[in-house]
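The values are calculated or read from the model by the stated rules, or taken from the named source; none is laboratory data. Values in this document were obtained by computation on a predicted structure and should not be read as measured data. As a convention, Cβ positions derive from the backbone with ideal geometry for all residues, glycine included, and neighbour counts pool all protein chains shown. Heavy atoms of the whole protein, side chains included, go into the accessibility calculation; ligands, DNA and RNA do not. Shrake-Rupley method; radii C 1.70, N 1.55, O 1.52, S 1.80 Å.
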Amino acid sequence: MTETTIFQKIIDGQIPCEKLHEDDLCIAFNDISAQAPIHYLVIPKKPIVSLCECVEKDAALLGHLLFVGSQIAKSKNLTNWRTVINTGEESGQTVFHLHIHFLSGRKLQWPPG
Ligand code: 5GP
């Protein structure tokens, strides 16, 4: 049996978060360790480990996550932001429940480390 991730506990309401959005398919909340003045995560309620585990029928869900994240950005009057999806340990993924980072509010360097 796979271990329950911290994000599954957030979805289940077992641990609190600063929630920005919730619907049938996803939840968005502020990152607990913000790397920019604005840093939130959009995650599916479906327990997908990473982008690597997605299947074709997840395509609409993936689009929904991006759309929800962009609507939140626009509700904050943002016109510049970065979206990041870490996939696998070597990319920096630490929570093995798919999530999209949205970062904004400062000049972001490129390329990332
Ligand atoms: P990853 O490194 O897997 O791409 O991103 C995981 C993110 O989840 C990190 O930015 C980390 O700060 C955030 N995070 C980890 N635990 C919690 C938590 O309990 N609550 C919230 N809001 N964010 C968390």
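Listed values, structure above:
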| read-out | value |
| --- | --- |
| Candidates V42, V68, V95 - the one that is β-branched (V, I, T) and more than 21 Å from T4 (Cα to Cα) | V68 |
| Candidates V55, V68, V42, V49, filtered to the one that is surrounded by fewer than 17 Cβ atoms within 10 Å (Cβ to Cβ), in contact (Cβ under 8 Å) with a residue 40 or more places away in the chain and of a type in the set (V, I, T) | V49 |
| Every residue from segment 92-108 that is more than 21 Å from Q8 (Cα to Cα) and either at pLDDT below 95 or open to solvent by less than 90 Å² (accessible area, probe 1.4 Å) (or both) | L103, S104, G105, L108 |
| Answer from S33, S75 - the residue that is under 21 Å from K9 (Cα atoms) and either in contact with a Lys or Arg (Cβ under 7 Å, 6 or more places away or on another chain) or open to solvent by 60 Å² or more (accessible area, probe 1.4 Å) (or both) | S33 |
